[in-house]
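See structure below.
The values are calculated or read from the model by the stated rules, or taken from the named source; none is laboratory data. This is a predicted model, so every value here is computed, not measured. Backbone-built Cβ (ideal geometry, glycine too); neighbour counts: all protein chains shown. Just so you know, the surface numbers come from the protein's heavy atoms only, side chains and all, with ligands and any DNA or RNA stripped out. Shrake-Rupley method; radii C 1.70, N 1.55, O 1.52, S 1.80 Å.
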Amino acid sequence: MKLSEIICRSTLAAAVCAALLSTGCRPSSSSPLQGLESEIAAAVDTLPCKIGVAVIYDSRDTMTYNNSADFPMMSMFKLHEAVAVCRELDRRGATLDSLLTINRADLDSLTWSPMLKEFSGESFTVSLGTLLDYTLIHSDNNASNLLFDRIIGPMETDSCLRTVISDQDFTIRHTEATMKLSPEPLSYENVTSPLAYACLINKVMTDTVTSAPNQTRIIDCMRRCDTGLARIAASLPDSVSFAHRTGSGYINSRGEVTAVNDGGYVTLPDGRSYTIAVFVKDYAGPQEDAEKAIAEVAGIIYRRLAAAR
């Protein structure tokens, strides 16, 4: 990777994501993000993959590295989905307490789905809030597919989120079920730039994206997310608060892991915060090594910002 690929922007808090659509500039010499991209480049330059990084510090300063809009999201899109589902329920005057009856025969028994182990019988009734919990906390594919099928589809989710965040560098076209049928190329069609994803997380954590009860539920789920803990979370001490969403891909025809991703919101003990998104595309090696790379990048960022005053 060349440093010429690195784009770094500094913006005011009131317009941080809107300004990201304009020509960027490096942070000022007083910004703790100054020079951070060089540290990241040195850490990842020889890795067998493409890595993209975005950081939004205290909703003021923004840094990106390899901020192209071609990183497969995989289950990262479940945050977009959750926001779209909640906004659609608000529009209908419905709540997350609404119930659905699910036929087990309609579910995929061969996909990642902790929900299937916890509900027995040929059919069962579950609230939309419970499906949201399974989707965001455990990354349950059946729960995600159900919300797409019953509440709002992928393309409608894409349209909905374009009214929420101003950075338009993302595309949502397929469900987990569809991608499973044809991982290549469909996994490469649900994509984002690191910055667009960081903007979504920052918006969810600091602004209004849906009704207060629904947004509180989304944030609580992100704080309880139990996937990908060897990634960003591995670089953080117990004294910080972390809320996140992860995504993991298939093995492509070249033997590469299509995606190993993590993005979240870090709150330091002194109340300062930052949003971080790290995307790994086409890693030619074990997923565990890609996770270590994410942890290394996240550690560089944490140490720099924790030391800033």
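Out of the trypsin sites (Lys or Arg not before Pro) in the range 225-283, which ones are loop residues according to DSSP with at most 11 other C-beta atoms within 10 Å? Listed in order of number, the matching sites are Arg254. Counting only protein chain heavy atoms and rolling a 1.4 Å probe, the accessible areas of Tyr250, Tyr302 rank, largest first, as Tyr250, Tyr302. Would you please classify the overall shape of the range 197-309 from the alpha carbon gyration tensor, given that a ≥ b ≥ c denote the square roots of the eigenvalues, rounded means a/c under 1.5, and beyond that prolate means a/b larger than b/c while oblate covers the rest? It is oblate, given that a/c is not under 1.5 and a/b is not larger than b/c. Name the shape class, rounded, prolate or oblate, that the alpha-carbon gyration tensor gives for the chain, where a ≥ b ≥ c are the square roots of its eigenvalues, rounded holds for a/c under 1.5, and otherwise prolate holds if a/b is larger than b/c and oblate otherwise. Note, shape of the chain comes out prolate. The length gained on full extension between Ala308 and Asp220, counted as 0.36 nm times the residue separation minus their Cα-Cα distance, comes to 28.9 nm. For the residues Asp270, Asp167, a 1.4 Å probe over the protein chains yields an accessible-area ranking, largest first, of Asp270, Asp167.
Element breakdown for the chain at a 1.4 angstrom probe: carbon and sulfur atoms account for 51% of the accessible area. Cross-link partners for Lys180 among the lysines, with Cα-Cα distance under 25 Å and sequence neighbours closer than 8 places in the same chain left out: Lys50, Lys78, Lys117, Lys281.
Ranking Thr208, Thr157, Thr130 from most to least accessible surface, computed with a 1.4 Å probe over the protein chains only, gives Thr208, Thr130, Thr157. Rolling a 1.4 Å probe over the protein heavy atoms gives the chain an accessible area of 40 Å² per residue.
For the range 213-251 and the range 59-94, compute the distance between their C-alpha centroids and round to whole Å. So the separation of the two Cα centres works out to 14 Å.
In the chain, taking the dipole from charged Cβ atoms about the Cα centre, the farthest positive-side position among Cys221, Met179, Ala41 is held by Ala41. Full extension of the chain segment joining Asp97 with Arg173 gains 24.6 nm, where the gain is 0.36 nm per residue of separation less the Cα-Cα distance. A helix-only calculation puts the chain at -11000 deg cm²/dmol for mean residue ellipticity at 222 nm, using -39500 (n - 2.57) for each DSSP H run of at least four residues, averaged over all residues.
Classify the range 262-309 as rounded, prolate or oblate from the Cα gyration tensor: take a ≥ b ≥ c as the square roots of its eigenvalues, call it rounded if a/c is under 1.5, otherwise prolate when a/b beats b/c and oblate if not. It is prolate, given that a/c is not under 1.5 and a/b is the larger ratio. Simple point charges give the picture: +1 on the Cβ of Lys and Arg, -1 on the Cβ of Asp and Glu, and for the chain a dipole about the Cα centre of about 640 debye.
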